[in-house]
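Visitor: One structure, as structure tokens, below. Some questions next.
The values are calculated or read from the model by the stated rules, or taken from the named source; none is laboratory data. In this text, all values refer to a predicted model and were calculated from it rather than measured experimentally. Virtual Cβ from ideal backbone geometry, glycine too; neighbours counted across all protein chains shown.
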Amino acid sequence: MREPKQIRDQIEQNRHELSRLAEYHGMQDYKVLQQSMVLDELINEYNRFKYNKHFMNRQPIA
């Protein structure tokens, strides 16, 4: 699994690429939709990492 910093950096790079593609091709273009899915996967990966880290660090209530 990648480190959170690597994932955040990739998210930022892909976000810029998505913006560039959308500006050039329009929001309905296949390339834009494909890039959006790539970005979604990166965000999901980052969120899974954060959730698992939070879940593992929880202290028992009792």
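Visitor: Confirm whether residue 58 is touching a helix residue (DSSP H, G or I) at 6+ places or on another chain (Cβ under 8 Å) and at pLDDT below 90.
Guide: Numbers: touching a helix residue (DSSP H, G or I) at 6+ places or on another chain (Cβ under 8 Å): no; at pLDDT below 90: yes.
No.
Visitor: Give the range 27-47 a look and list any residue that's of a type outside the set (A, V, I, L, M, F, W, C) and in contact (Cβ under 8 Å) with a residue 24 or more places away in the chain, or say none. Outline the logic, then answer.
Guide: Here is the first cut: in the range 27-47, the residues of a type outside the set (A, V, I, L, M, F, W, C) are 28-31, 34-36, 40-41, 44-47.
Answer for the range 27-47, where residues must be of a type outside the set (A, V, I, L, M, F, W, C) and in contact (Cβ under 8 Å) with a residue 24 or more places away in the chain: 45, 46.
Visitor: Same structure, new question: For residues that are surrounded by 13 or more Cβ atoms within 10 Å (Cβ to Cβ) and not in a helix (DSSP H, G or I), tally how many sit in the range 3-36.
Guide: 1
Visitor: Considering (1) without any contact (Cβ under 8 Å) to a residue 40 or more places away in the chain; (2) in contact with a helix residue (DSSP H, G or I) (Cβ under 7 Å, 6 or more places away or on another chain); (3) under 20 Å from residue 53 (Cβ atoms), say which one residue 7 fails and leave the rest.
Guide: Answer for residue 7: the failing condition is (1).
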